[in-house]
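The values are calculated or read from the model by the stated rules, or taken from the named source; none is laboratory data. The structure displayed is predicted, hence computed values, not measured ones. Here Cβ is always computed from backbone atoms with ideal geometry, including for glycine, and neighbour counts include all displayed protein chains.
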Amino acid sequence: MKAADRAHVFHSWSAQGLIDPLPIAGAEGSYFWDYDGNRYLDFSSQLVNTNIGHQHPKVVAAIQEQAAKLCTIAPGFAVDVRSEAARLVAERTPGDLDKIFFTNGGAEAVENAVRMARLHTGRAKVLSAYRSYHGATATAINLTGDPRRWPSDTASSGVVHFWGPFLYRSAFHAETEQQECERALAHLEQTIAFEGPQSIAAIILETVPGTAGIMVPPPGYLAGVREICDRHGIVFILDEVMAGFGRTGAWFAADHFGVTPDLLTFAKGVNSGYVPLGGVAISAEIAATFDQRPYPGGLTYSGHPLACASAVATMNAMAEERIVENAADIGERVIGPALREIAERHPSVGEVRGMGVFWALDLVRNKETREPLVPYNASGAANAPMAEFAAACKRGGIWPFVNMNRTHVVPACTITEAEAKEGLAALDEALAAADAHT
Ligand code: PMP
C-alpha cells in the first residue's frame, strides 16, 4: 500500500519525497490503528474534525440508508435530508442565522461568506487576524494570517491583516486580559480608520482561533468587534469551522461570548467529516439581499444528500447522547486541571490555553523569556525538538496535533474520562522529549 500511495497520492502541505504516511487499517471511537497492531488514542481528532469520534454507528447507518435511497441530486431540488440538516444547523446557531448555504468544506464556506459580505455591502476589503487560518483556496489562504499564507499570497486580494488579542505573546505589551482587550480593540479601530471604513466589507475572525494556537479571546473582545462592525456597517463573520459543533463545550464557541455574527462558517464537526460538508449560516438581513436578486455562486455538491444525512444523524446523536455536555465536562473537570498540573512540572510548557476539548500547550525553551521551543515557522533541523516530541507521543500511543511550537489536545467530544486520563499520562511522559531542549 505504501508503494501505491507513494506512486500516485499527492499529499497536502507536504514535500512529496520527504514524507512517509502511516497506512491505517481502521478506527473506532477515540482510537485508530495501523496494520502493525499499533493503536493510537486520537488526540488530534484527525484535523480536529471527528468530534463524534470514529465510526459512530448511528452516523454510519444514516449514510448507508441514504446511499440506498438517493446518493446524489443537484442543489436546485428540495430534498428531505438537506432541509432537515439546514433546519438543525439553523436551530443550533445563535440569533437569526436561519438560512444555510452548504459547501463541501471550510475553505469554500469562507469563500462564500466573503462573497456574500462583498455583495451585501458593495465594498471590497476584508480584515482578518494575523494569527489565523481560514483555508487553502484562493481567498481563504489570503485571509489566513499565519505563514501558511506566504507561498500563495497574491497581495492584491483586498485582505488587510490586524493583530487579535493574545496576552501570552501580546502585540500590545499588555499585562492583563483587560488591557489586551482594550488595546486590541483600539488597534482594530485604528486599522479601520486608516483603511477607510467605507471600503471594508467584512471582518472575519475565528471565534477561538484554532490551528494558530487556541487563543480564547478575553471577555468583551468579540462584543467589542460586534459593536465596531455595527457602527461602520461592516459584516461580522465568525469562522467556526474548527471551534463549532461541540469542540469548545458549547454548540458554537460564540455561545460562550453571547455574540451573534452576520455570517457563521462551519464544517468539520457538523458531521465529523464522515462525508465532506461545510457551510455558511446567514443572517436574515444578508439573506434578504438575495431574496429578489440571485446569489451568484453555487457548487455541484452543495448540500450533498450523503453529507446531509450524516449531518442530521450527527447532530441528533450529539443531542441524544449529550456529547456537547461531555466535552464541556471532560474539559473543565479532567483535561484543563491535568494540563495545568503538567505545565507546572515541565520546563517546556509555557502556557496552557483552551476550553472544552480544545486545548493547546505553548512549548518554550525558557519559561521566563517565553522563547518558543522552535523558531517561528521552523522546518527541517530547526524543527527537530517538535518532531522529537511528536515521535515520543506516537511511541506512547497518542496521536498529537502539532503545529509550530504548540501541541494541541483536541480529542473527540465523546472522549471518556478514562481515555482522557490515559492520553494525558502519555502526553506527560512524551513532554520529557521537549524538556530536553529547554
Ligand atoms: N477555517 C478554519 C478555522 C479551519 O480550522 C479550517 C481547517 N483547518 C478551515 C477554515 C478550512 O477548512 P477546510 O480544510 O475544510 O477547507
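Residue by residue, here is whether (1) more than 22 Å from P337 (Cα to Cα); (2) in contact with a Phe, Trp or Tyr (Cβ under 8 Å, 6 or more places away or on another chain); (3) in a helix (DSSP H, G or I) holds:
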position	(1), (2), (3)
A378	yes, no, no
A384	yes, no, yes
F389	no, no, yes
A392	yes, no, yes
P411	no, yes, no
T414	no, no, no
K421	no, no, yes
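Confirm whether V159 is within 16 Å of the ligand (Cβ to nearest atom), modelled with pLDDT of 95 or more and in contact with a His (Cβ under 7 Å, 6 or more places away or on another chain).
no
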Inset, instruction - Exactly one condition in (1) within 16 Å of the ligand (Cβ to nearest atom); (2) outside the structural domain of F401 (by TED's automatic domain parsing); (3) without any contact (Cβ under 8 Å) to a residue 40 or more places away in the chain; (4) not hydrophobic (A, V, I, L, M, F, W, C) is not met by S83; state its number. - result: (1)
Inset, instruction - Answer yes or no: is there a residue in region 306-318 that is of a type outside the set (V, I, T), closer than 26 Å to V216 by Cβ and either assigned by TED's automatic domain parsing to the domain that holds N49 or part of a helix (DSSP H, G or I) (or both). - result: yes
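Report whether or not A384 is surrounded by fewer than 20 Cβ atoms within 10 Å (Cβ to Cβ), at pLDDT 95 or above and either in the same structural domain as D146 (by TED's automatic domain parsing) or among the hydrophobic types (A, V, I, L, M, F, W, C) (or both). Spell out how you get there, then give the answer.
Numbers: surrounded by fewer than 20 Cβ atoms within 10 Å (Cβ to Cβ): yes; at pLDDT 95 or above: yes; either in the same structural domain as D146 (by TED's automatic domain parsing) or among the hydrophobic types (A, V, I, L, M, F, W, C) (or both): yes.
Taking the combined requirement at face value, the residue satisfies it.
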Legend entry - Residues of region 28-71 classified as of a type in the set (A, V, I, L, M), assigned to a helix (DSSP H, G or I) and either without any contact (Cβ under 8 Å) to a residue 12 or more places away in the chain or over 17 Å from V324 (Cβ atoms) (or both), total: 7
Legend entry - Output for region 151-170, where each listed residue is farther than 20 Å from P197 by Cα and in contact (Cβ under 8 Å) with a residue 24 or more places away in the chain: P165, F166, L167, Y168, R169
Inset, instruction - Consider A90 carefully, then state whether it is away from the ligand (no atom under 15 Å from the Cβ), in the same structural domain as Q64 (by TED's automatic domain parsing), under 25 Å from Q292 (Cβ atoms) and buried (at least 18 other Cβ atoms within 10 Å of the Cβ). - result: no
Inset, instruction - Could you list all residues from region 235-271 that are over 12 Å from the mean Cα position of the chain (by Cα) and among the polar types (S, T, N, Q)? - result: T260, N271
Inset, instruction - Might you let me know whether region 104-121 holds any residue that is surrounded by fewer than 17 Cβ atoms within 10 Å (Cβ to Cβ) and part of a loop (DSSP other than H, G, I, E, B)? - result: no
